[in-house]
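The values are calculated or read from the model by the stated rules, or taken from the named source; none is laboratory data. Keep in mind that what you see is a predicted model, and the values were worked out from it rather than measured. Here the Cβ positions follow ideal geometry from the backbone for every residue, glycine too, while neighbour counts run over all protein chains shown. Just the protein is used for accessible areas: all its heavy atoms, side chains included, with ligands, DNA and RNA removed. Shrake-Rupley method; radii C 1.70, N 1.55, O 1.52, S 1.80 Å.
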Amino acid sequence: MFFALLIGFPSQAIFSITGFNTLEKAINLSKSKVTAEKLIKELEEIFNEIYIEKGAFKRIKSEFKTRDFYKWRGIKYFLYEYDLYLQSLSKHSQKKINWDEFTNNDSTEDYRTVEHIYPQTDKDKYWRDAFQNYTTKEKNLLKNSLGNLLPLSSAKNSSFSNKSFLVKKGNETNAVGYRYGSFSENEVANYEHWTAKEIFRRGIHLLNFMEERWKFSIGNDQEKVDFLGIGFVLKKENLSN
């Protein structure tokens, strides 16, 4: 399912091509005639055949021409999978994100479950100072870049999302910050500051996870930079890829 979301190919078409009977599989699953693990493995084999063996990854880059990862329809599933990965590293048995709540809580503009760490409304002095060397176009690219998007364990008010990074991380007196949220939030809370460098590096890290999780290659380091569309950070921050 991830690959269908990734390149915009209808999953119904995949099932039609491969003869995968979703109703039959659902009935068998409900009657315990097949395990969820076996069904997932079968689905992965189908998508691997369609997307990897037939070279459909050439369509990946065209899905992100605008580099607006926030509008990518697979962003929640991807971020959820990454949070599960972090959970596996932590050895905690309990999930911190409820999938149903995570996907159904964006009914209003005031509450969101996917956070822009560097906020869309960056009026706070912290953000103005941190990104003062970037143009408006570059700032917008950074705000919607993959490395700047964070899955929240519970929807937060938009006014909170616009606060400085130090406030958003949370502390002993602020129990709604990242340090009290999802595994992804906990990871980001360990950063001292949040600048273009952190957005760039986290974006590359998430692409590496994507490759490893779904066993495909986006390309070399430069191709990953091009895929994210924020290569200007390397020059402005004197970074090497």
Q: Among the residues of the range 69-87, write down those that are more than 17 Å from Asn208 (Cα to Cα) and assigned to a helix (DSSP H, G or I).
A: Tyr70, Lys71, Lys76, Gln87
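Could you check how many residues of the range 64-83 are aliphatic (A, V, I, L, M) and within 19 Å of Tyr180 (Cβ to Cβ)?
Residues that pass the stated criteria total 1.
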Q: Determine the pairs where a residue that is more than 21 Å from Lys215 (Cα to Cα), located within the range 32-46, has a partner that is modelled with pLDDT under 70 and among the polar types (S, T, N, Q) with Cβ atoms under 6 Å apart, the partner being 6 or more residues away or on another chain.
A: Val34/Asn28
Q) Which number in (1) touching a strand residue (DSSP E or B) at 6+ places or on another chain (Cβ under 8 Å); (2) open to solvent by 70 Å² or more (accessible area, probe 1.4 Å) marks the one condition that Gln222 misses? A) (1)
Q: Mind telling me which of the residues Glu185, Glu223, Glu211, Glu198 ends up being assigned to a helix (DSSP H, G or I), more than 14 Å from the chain's Cα centre (by Cα) and farther than 19 Å from Asn133 by Cβ?
A: Glu223
(Q) Take the residues in the range 115-135 that are among the β-branched types (Val, Ile, Thr) and surrounded by fewer than 17 Cβ atoms within 10 Å (Cβ to Cβ); name whichever of them is modelled with the highest pLDDT. (A) Thr135
Q: Can you tell me which residue within the range 200-219, out of those that are closer than 22 Å to Ile117 by Cβ, open to solvent by 70 Å² or more (accessible area, probe 1.4 Å) and of a type in the set (Lys, Arg), is modelled with the lowest pLDDT?
A: Arg213
Q. Of everything in the range 93-108 that's touching a Ser or Thr at 6+ places or on another chain (Cβ under 7 Å) and assigned to a loop (DSSP other than H, G, I, E, B), which residue is modelled with the lowest pLDDT?
A. Asp106
Q. So which pairs qualify, if the first residue must be in the range 113-134 and without any contact (Cβ under 8 Å) to a residue 40 or more places away in the chain, the second must be open to solvent by less than 10 Å² (accessible area, probe 1.4 Å), the Cβ gap must be under 9 Å, and the two must be at least 6 apart or on different chains?
A. Trp127/Tyr118; Trp127/Pro119; Trp127/Phe165; Trp127/Trp194
Q) Can we say Glu138 is farther than 24 Å from Arg201 by Cβ and surrounded by fewer than 17 Cβ atoms within 10 Å (Cβ to Cβ)? A) no
Q. Can you spot a residue in the range 55-68 that is within 15 Å of the chain's Cα centre (by Cα) and modelled with pLDDT of 70 or more?
A. yes
**Q.** Filter result (in a helix (DSSP H, G or I), open to solvent by less than 30 Å² (accessible area, probe 1.4 Å) and closer than 20 Å to Tyr70 by Cβ) within the range 226-235
**A.** Phe227, Leu228, Val233
(Q) Looking only at the range 151-199, filter to residues that are under 17 Å from Asn98 (Cβ atoms), at pLDDT 90 or above and small (Gly, Ala, Ser); which one of those is surrounded by the fewest Cβ atoms within 10 Å (Cβ to Cβ)? (A) Ser153
